[in-house]
Structure formats: C-alpha cells, structure tokens
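Student: Would you mind keeping the following structure in view while I ask a few things?
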Ligand SMILES: [Zn+2]
C-alpha cells in the first residue's frame, strides 16, 4: 500500500483526542505483523487509547526513531466543504482531518517500516528503524509520556528521533515549551454593602494578573532571548479569568488560567518559583484577618522546549537524508522536547505539510509534500543499510 493509500485509511479513523485511537492502532499493528514486526502497545490507564512502539531490525541495536501522534483536533464549529474523515484528492491536495497534522507523516513512516522489514529479512538492515506513535498529543502531549518513561527506564535509547510534525520538510531544531498554571483565588463572601467584612477574590486574582505581567516585563528585560522565534523571548499569557456571582455579593472565588511559553534557555523552575512567590505575597496580605483567603497555584502541565544544537549529529544526519542545508525553529509545541529531555534522544522535527494548513477546516497536505516525505524515507532506508 502506498503512503497516499495508507493516509486515506488513517484519515477514515475518527481519532479526535476525546475518542479512542485503538481501531487505528489495530490497523497499524496488523500491517506491522504482516511485515513480521511485533509492535509493543502502551495502553492508557482506562485502556481506551494506546501508544505504539515498534522496532524493525535488531532489538539490541539503537536505531532511528520516527515519531508521530495519531490523534487529531476536533472539527466542531468548523465549516468543512469536504468530508473531514474521508480523504478527498483534488488539485494536488489531499484533504481530510489530520492529513497535515500529522497522519501524512505517520503513513509515510508506516510504509517505510514495511520496506525496512523487507530489508531486514534479506539481512541488509544494519541500523534498526523504530516507530513511536502516540495518543493525546493535541491535548498537551500527555499520551506519550507513559511510553517514554517505560522505554527510558528500560534503557531504550535510539540514536536519533525525527518527529514528523508539519515543517514543509525543513529541519526544525527548536520549539518553545509550555507551563500551564491555574490560580485558585479564595476570598470571603459578604454583602456588597459591607465590603470590609469580606475579601474580594476578584481583587486577589487581579493582583495575580498584575504579577504575571510584571514577570513578563522581567523576562523581556532579561538576557534570555532567541531571535529565531517571531516573539524572541518566553511569554506569559493569561487565557481565562473567572469569578463572581452577582453585583451585590463580594465574590469568594476567582480562577485565573495562564501559561508561560518558554524558550529552551529559560529556567522554568525559576519562573514557577516567581509565580508561587507572588501568590504567597498576595496571600500574606489578607491571611492575617481572613485565614482561609489567599491564592493557590497549581501547575497543570509542563511540556519541555526543544533546543537541539544546529551542529549536532542528528541535524547532520537529517540534512543528509532530506538534502536540506539549513534549519529552522517552529512556533508550536511538540513531543520532541520530551523525547530529547526524558529519553535523551537527539531529536529534530521534519515532516510534510505546513502547520498553517493544520487545525483548520479543509485541512490538507499536498501530494508533493507527501512525495518529498517518501523520498526522505528512501534515503533514510539507504542510510540504515550502510
Ligand atoms: Zn501535531
């Protein structure tokens, strides 16, 4: 089956993150078993989803890992003019949810694995090829973490990893990380005619927002900047602010959800400590009189940044197999930072399509980009034989 035919099959599985990805994984596993490769599954806690890891070639030799997520973003509220879960080919474009982000790459990787299996049968595959397919990437790179932990614990450490997120087949060596925070601001309710007998939780939340903005100013004045990004420093951003019930009640609760999108050089532990210190200062101002009041910070998620050196071996290797001679950085987060930090695998991003085409109605990948990805797999398979 060609990569294009495989992509059509993959698009037909509705693997929006809230759904199970098991039928897609069954399809991938069956293809691998037919090629003589036994995949390892890493089920989610409730068993509704799974990651897949497979090695084509010798099990005890580090290989090159191709990584992709199998989940896609929802189509709710989007005006599609073509079916979302059925591939439509039109004018050199392959339409369907996930075609670009990132089932196109997964299709090319699976096709390459089958060909690697043939080479292995003939005794020609010197360096193994690994596949690492995940779930729940689109909801904060959550799914892959269990698999990475297990594999890292077993000492599995591939030579290189290529995460095939859409980069128009350019080599991306970096992306920002993200820390997600939630602040629970607790006040004390009172009649608004008697404000001094209460604590206004919205005021506490507003003070915290002021502190978040102050931390942002500090970052901008600091020395950690990376001119390869459109916004060349780590950013603090408040996304939601909720609180209050009625005008005549002093609110006893407010919640602020915010994030830090950090460049690889940023010390995120220091940022988290600053946020906690700020919350502590605000709390100290009210706790004397109202012991239950204050601001509690919860770190809801942390996805590390990727910062692979442009002169590293993985970059040289992927330049050789793609023919590219320069590198870039991408604005979106990926699982690459996790493979790099938690598994110690030198990692770059390189995949077909452009992220501008992802997450939108009528998402597509061009046939040209898919062919370029197949061509990269061809040279990769050659490199694995030498
Ligand atoms: Zn993606």
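The values are calculated or read from the model by the stated rules, or taken from the named source; none is laboratory data. The model shown is predicted, which means the values in this text are computed figures rather than measured ones. Reconstructed Cβ throughout: ideal geometry from the backbone, glycine too, with neighbour counts over all protein chains shown.
Student: Tell me which residues, restricted to the range 52-80, are farther than 23 Å from residue 127 by Cα and either within 16 Å of the ligand (Cβ to nearest atom) or out of contact with any strand residue (DSSP E or B) (no Cβ under 9 Å at 6 or more places or on another chain) (or both).
Tutor: 69, 70, 71, 72, 73, 74, 75, 77, 78, 79
Student: Please give the number of the condition residue 92 fails out of (1) within 25 Å of residue 176 (Cα to Cα); (2) more than 12 Å from the ligand (Cβ to nearest atom); (3) surrounded by fewer than 16 Cβ atoms within 10 Å (Cβ to Cβ).
Tutor: Checking residue 92 against (1) within 25 Å of residue 176 (Cα to Cα); (2) more than 12 Å from the ligand (Cβ to nearest atom); (3) surrounded by fewer than 16 Cβ atoms within 10 Å (Cβ to Cβ), the one that fails is (1).
Student: Here's another thing I want to ask about it. Being farther than 30 Å from residue 197 by Cα and modelled with pLDDT of 95 or more narrows it down to one of 289, 302, 363, 296, so name that one.
Tutor: After applying the criteria, what remains is 363.
Student: In this structure, does residue 122 turn out to be at pLDDT 95 or above, surrounded by fewer than 18 Cβ atoms within 10 Å (Cβ to Cβ), more than 30 Å from residue 309 (Cβ to Cβ) and in the same structural domain as residue 375 (by TED's automatic domain parsing)?
Tutor: Answer is yes for this residue.
Student: Taking interchain pairs and intrachain pairs at least six residues apart, which have beta carbon atoms under 9 angstrom, with the first residue in the range 90-109 and without any contact (Cβ under 8 Å) to a residue 60 or more places away in the chain and the second surrounded by fewer than 24 Cβ atoms within 10 Å (Cβ to Cβ)?
Tutor: Partner pairs satisfying both residue conditions: 90/82.
Student: Which one of the conditions (1) closer than 25 Å to residue 384 by Cα; (2) touching a strand residue (DSSP E or B) at 6+ places or on another chain (Cβ under 7 Å) does residue 3 fail to meet, given that it meets all the rest?
Tutor: Residue 3 satisfies all of (1) closer than 25 Å to residue 384 by Cα; (2) touching a strand residue (DSSP E or B) at 6+ places or on another chain (Cβ under 7 Å) except (2).
Student: Considering only residues that are closer than 17 Å to residue 345 by Cβ and either part of a strand (DSSP E or B) or away from the ligand (no atom under 12 Å from the Cβ) (or both), which ones fall in the range 135-148?
Tutor: Listed by number, the residues that qualify are 145, 146, 147, 148.
Student: So in the range 339-376, with the set limited to residues that are closer than 30 Å to residue 154 by Cβ and in contact with a strand residue (DSSP E or B) (Cβ under 7 Å, 6 or more places away or on another chain), which one is nearest to the ligand (Cβ to nearest atom)? If you could, list the steps in order and put the result at the bottom.
Tutor: Keep residues of the range 339-376 that are closer than 30 Å to residue 154 by Cβ, which gives 339-351, 373, 376.
Filter again for in contact with a strand residue (DSSP E or B) (Cβ under 7 Å, 6 or more places away or on another chain), leaving 339-340, 345-350.
Numbers: 339: 14, 340: 17, 345: 18, 346: 20, 347: 15, 348: 15, 349: 10, 350: 13 Å.
For the range 339-376, the residue satisfying everything is 349.
Student: Can I ask one more? Have a look at 254, 279 and point out the one that is away from the ligand (no atom under 16 Å from the Cβ), in contact with a strand residue (DSSP E or B) (Cβ under 7 Å, 6 or more places away or on another chain), part of a strand (DSSP E or B) and at pLDDT 95 or above.
Tutor: Unique residue meeting the criteria: 254.
Student: Suppose we filter 109, 183 for residues that are outside the structural domain of residue 312 (by TED's automatic domain parsing) and either farther than 28 Å from residue 230 by Cβ or more than 14 Å from the ligand (Cβ to nearest atom) (or both); which single one remains?
Tutor: On the way: 109 fails: outside the structural domain of residue 312 (by TED's automatic domain parsing).
Testing whether each residue is outside the structural domain of residue 312 (by TED's automatic domain parsing) and either farther than 28 Å from residue 230 by Cβ or more than 14 Å from the ligand (Cβ to nearest atom) (or both) leaves just 183.
Student: Say whether the condition of being more than 20 Å from residue 382 (Cα to Cα) and in contact (Cβ under 8 Å) with a residue 40 or more places away in the chain is met by at least one residue in the range 40-47.
Tutor: There is at least one residue in the range 40-47 that is more than 20 Å from residue 382 (Cα to Cα) and in contact (Cβ under 8 Å) with a residue 40 or more places away in the chain.
Student: Examine the range 304-317 for a residue that is out of contact with any helix residue (DSSP H, G or I) (no Cβ under 9 Å at 6 or more places or on another chain) and within 16 Å of the ligand (Cβ to nearest atom), and state whether such a residue exists.
Tutor: No; the residues of the range 304-317 include none that is out of contact with any helix residue (DSSP H, G or I) (no Cβ under 9 Å at 6 or more places or on another chain) and within 16 Å of the ligand (Cβ to nearest atom).
Student: Further question: Is at least one residue of the range 114-126 within 15 Å of the ligand (Cβ to nearest atom), within 22 Å of residue 161 (Cα to Cα) and in contact with a helix residue (DSSP H, G or I) (Cβ under 7 Å, 6 or more places away or on another chain)? Before you say what the answer is, go through the steps one by one.
Tutor: If we filter the range 114-126 for residues that are within 15 Å of the ligand (Cβ to nearest atom), which is where we start, we get none.
No: the range 114-126 contains no residue that is within 15 Å of the ligand (Cβ to nearest atom), within 22 Å of residue 161 (Cα to Cα) and in contact with a helix residue (DSSP H, G or I) (Cβ under 7 Å, 6 or more places away or on another chain).
Student: Looking at the range 283-322, which of its residues are without any contact (Cβ under 8 Å) to a residue 12 or more places away in the chain and under 27 Å from the mean Cα position of the chain (by Cα)?
Tutor: 311, 316
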